[in-house]
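What follows is a set of notes on a single structure, which appears directly below.
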Amino acid sequence: MRQSQLFTRTRKHAPSDEVSNNAQLLIRAGFLHKELAGVYTFLPLGLRVLERINTIIREEMNSLGGTEILCSALQDKAVWEATGRWDSGDVDVWFKTKLKNDTDLGLGFTHEEPITRMMREHISSYRDLPRYVYQIQTKFRNELRAKSGIMRTREFPMKDLYSFNRDTAGLEEFYNEASDAYLRIFERVGLGASTYKTFASGGSFSKYSHEFQTISDAGEDTIYVDKQRSVAVNKEVLNDDVLTDLDLQREDLVEHRAIEVGNIFKLGSKFSDALGLTYKDEQGQEQPVIMGSYGIGPSRVLGTVAEVLSDSKGLVWPREVAPFAVHIVRLGDGERVVSSADALHATLRATGVDTLYDERPLRPGEKFADADLMGLPVRVVISDKTIESGTYEVSLRSSGEVQMQTEEQLLEELS
C-alpha cells in the first residue's frame, strides 16, 4: 500500500480525555478512532493488526480441534433466566433493549447459555463427544467506567471457546492443552516473555481458574510471580492455604501490576444441568455434559502489545502482528529515487512481503517521525545517497539497529 492512499493521518496529540498510553499511541498513529468513552473504531492499520491477532488465535484454536461458529449478539431472556444470570442485580454489565412487541432482549456479554442450549440439538450420545466450539464475536458490557484505553471497553471482540466432554478427566486433558495453546498465542504476539499463567478464583465452578497476566504498570490486577517456575497467583486468592496447595514459597514471589489478557475456566455441569444438556453413556444412562470456557480479547491483546512494547517514539510491533512487515521511506522526488523505490515496492509485493510505501512529498524529519510512531518492524530508506552506495538503509524498529544492505541481503533477511 502507498501511504498517500491511507485516508488516516498521524497526529501530534490524542483526544484530551484519553489518558491511557495504549489508546493515545494508537489514535495518534492512525490505528484507532475514538467514538466515545469505551468505544473505538478500528481504522485500516488497526484492523490489519486485529486480524493478524485473530489469525494467530484461530490457528491455535483449530490445532486443538476447535470448530468456529458465529453466534448472535442479541440474547433471549429465557435462556439466561434458566441460569439466574438475567437479573441486572446479579449481572450488572447487561445492555438490555426491547423489540417493538415489548419482548426483552439483551446484548451478549458472554455466550455460555446460548451455546449450551444450541448444543442440545447436536449432542445426545457419548459418540457425539468431545466437541470444541469457538467464535470471535463482538461482546457488549455496560461498564460503569470505561478505562485503560482499548483494554477495557464497552464494545469489543472476544474469542470464546467452549469445551464439551463426557467426564472431568476429558475436561482436564483439554484444559491443559488449551492452557498450552494460550501460552503459544502470547508468545507469537510478542508477549511471551512477560505473560504468566496465573492461579485465580474458580468462583462457583472449580477450586481455581487460570488467568494469563502480562506484567505492566498499566495493569488493573496485582499478581505475585514465581519467575523460576513461570507461574503466578492473583492477589485476590493469595493466602497461606493457597501457597501450601501450590507448593509455593512466599519469599519466592515478586509483586507486579499486570494486564489480564486471557482466562480459562472449568465449568463442570453448571450450565448443562441448568439447560438440560445431557448425553447417553455406553449403558444408555443420561449423564450431564462437562464443560469448560476459554476467553481471549483480541483487542485487549492489541492494546497490551501497544502498551508493553512501545517506547518514547511510538509503537513497536512484532512482525507476526504488524500491519505491514516493511516500511519503505522514500526521500526525494528525483527520477532515480522514485524509480528505485517503486521497483523495490513492486519486488516486495511480488515476493509476498506486506509493505507500506511512504512516497508522500514531505520532509525527511516528518516521515521518520511518522515511521517511528507507526512502529513497523523494518524500515527501508531510499535516497540519492543510498542509490550512490548501491545499498538500502535498513533499520529495525525494535532495536534501532541500522545496516546498509543490498537488495539481495534485504530479501534474504525478510524471507
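Quick note: the coordinates plus some simple rules give every number you see, no bench work behind them. Note that the structure is a prediction, hence the values are computed from the model and not measured. Neighbour counts are summed over all protein chains in view; Cβ atoms, including those assigned to glycine, are modelled from backbone coordinates with ideal geometry.
Please give the FRET efficiency for residue 13 paired with residue 147, using the beta carbon to beta carbon distance and R0 = 25 Å, rounded to the nearest 0.05.
Details: r = 20 Å, r/R0 = 0.78.
Efficiency, rounded to the nearest 0.05: 0.80.
Dividing the helix sum by the residues of the chain, where each DSSP H run of 4 or more adds -39500 (n - 2.57), gives a mean residue ellipticity at 222 nm of -9000 deg cm²/dmol.
Counting only the Cα atoms, segment 326-414 fills a convex hull of 86 Å³ per residue. For segment 187-264, which trypsin sites (Lys or Arg not before Pro) pass both filters: DSSP loop (anything but H, G, I, E, B) and at most 16 other C-beta atoms within 10 Å? Here the trypsin sites (Lys or Arg not before Pro) that fit, given the DSSP loop and packing criteria, are 207, 227, 229.
Counting only lysines at least 8 places from residue 34 when in the same chain, those with an alpha carbon closer than 20 Å to its own are 12, 139, 147. Legend: ranking of residues 51, 112 from fewest to most surrounding C-beta atoms inside 10 Å; resulting order 51, 112.
Farthest towards the positive end of the charge dipole of segment 238-368, among the residues 294, 254, 334, is the Cα of 334, using unit charges on the Cβ of Lys, Arg, Asp and Glu.
Pairs of lysines in segment 187-287 whose Cα atoms sit within less than 19 Å of one another amount to 9, provided the residues are eight or more positions apart or on different chains.
When 28, 300 are arranged by Cβ crowding within 10 Å, least crowded first, meaning fewest neighbours, the order is 28, 300. Straight-line cross-link reach from residue 98 at under 17 Å between alpha-carbon atoms covers these aspartates and glutamates, not counting any fewer than eight positions away in the same chain: 76, 81, 87. The mean sequence distance of close C-alpha pairs (under 8 Å, at least 6 residues apart), as a share of the length of segment 354-409, puts its relative contact order at 24 percent.
Tell me the label only: which of (i) 32, 28, 21; (ii) 44, 24, 22; (iii) 64, 31, 17 is semi-axes √(5λ) of the Cα gyration tensor in Å as calculated from this structure? Correct label is (ii). Dipole of segment 326-414 computed with +1 at Lys/Arg Cβ and -1 at Asp/Glu Cβ about the Cα centre; of 345, 373, 395, farthest Cα towards the positive end is 373.
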